[in-house]
Amino acid sequence: MNPVAVALPISVAGAGVLAWVGRRSPSAASALHLALAGLLAASEATLLLWPLLTRSWAASSNLPLQLSDLATILMIGALAGGRMPRLAGLAYLLAVPSALLALAFPAPGAVPPSPLYFAFWVDHATLLAGAMVIGAARPGPKVGWSMVVWAWLATTALASIDGVVNLASRGDYMFLRRPPAGWDPLRIMGPWPVYVLVAFLICPVVLAIVELPAWVLQGGEGRR
């Protein structure tokens with residue numbers, strides 16, 4: 001069975017339920033935040049440390065330089081750090097597209113029974129859940145055009161770092177050198193390097209679309 005057919009709908013539905021519970025009950029929201037932060041930390045630690053423990057670590061593939069890595073780190077801080085609306089807003093904006101893309105077009109880089117395979121799915125499903133819980137929270141994340149710009153700048157900065165690392169290590173962080181194997185939205189954006197430029201240009205549009213649900217849920221509270 002295709003894991004996407006199971007993991008994607010379950011992740012979206014589960015994240016929606018958790019967001020509803022967290023919005024309805026502040027006490028439940030606090031517990032959810034800590035639980036999701038702990039699960040994210042555990043899955044990210046597995047992704048980072050398992051290659052070291054098995055002596056399979058490589059600079060070309062095991063550095064935390066994917067967009068979902070940045071989103072995970074920010075999300076852990078937003079979930080565990082209390083009321084930090086700017087951090088929550090940035091974490092939300094980066095987490096939703098990176099988690100959905102990874103769940104819909106997975107490239108785990110490992111197969112069962114490797115812990116890396118399961119950590120990949122847990123990390124991105126939890127990342128999506130954390131984003132939806134934060135997006136629906138009261139008080140919620142800071143939303144608005146300024147956060148879209150900050151998220152775009154953060155994505156651009158990470159891509160610039162990844163470009164240098166890719167040259168040095170011959171890696172493919174953020175798929176800047178070639179799209180992932182199998183079908184992926186990058187493949188309809190043209191050949192390299194055209195798809196990199198197209199992705200850069202449509203990034204703020206995607207972020208603005210992602211921002212809309214949180215904007216509506218906050219009812220203007222975070223618009224400033």
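The values are calculated or read from the model by the stated rules, or taken from the named source; none is laboratory data. This structure is a prediction, so every number in the text was calculated from the model and none was measured. Virtual Cβ from ideal backbone geometry, glycine too; neighbours counted across all protein chains shown.
Quick notes on this structure:
- As a summary of the residue check, C203 satisfies the conditions (1) touching a Ser or Thr at 6+ places or on another chain (Cβ under 7 Å); (2) within 30 Å of S25 (Cβ to Cβ) except for the one numbered (2).
- Selection within region 150-191 - surrounded by 16 or more Cβ atoms within 10 Å (Cβ to Cβ), hydrophobic (A, V, I, L, M, F, W, C) and in a helix (DSSP H, G or I): W150, A151, W152, A154, L158, A159, V165, M174, F175, L186
- Cβ-Cβ under 6 Å pairs, at least 6 apart or on other chains, region 19-38 side buried (at least 20 other Cβ atoms within 10 Å of the Cβ) and part of a helix (DSSP H, G or I), far side modelled with pLDDT of 95 or more and charged (D, E, K, R): none
- Applying the criterion of being of a type outside the set (A, V, I, L, M, F, W, C), crowded, with 19+ Cβ neighbours inside 10 Å and not in a loop (DSSP other than H, G, I, E, B) to the residues of region 85-120, the residue that is farthest from the chain's Cα centre (by Cα) is P85.
- Subset tally (residues that are of a type in the set (G, A, S) and modelled with pLDDT under 95) for region 105-155: 10
- When every residue of region 127-149 is checked against the conditions, at least one turns out to be among the charged types (D, E, K, R) and not in a helix (DSSP H, G or I).
- Unique match (being in contact with a strand residue (DSSP E or B) (Cβ under 8 Å, 6 or more places away or on another chain) and hydrophobic (A, V, I, L, M, F, W, C)) among V111, V149, V133, V143: V143
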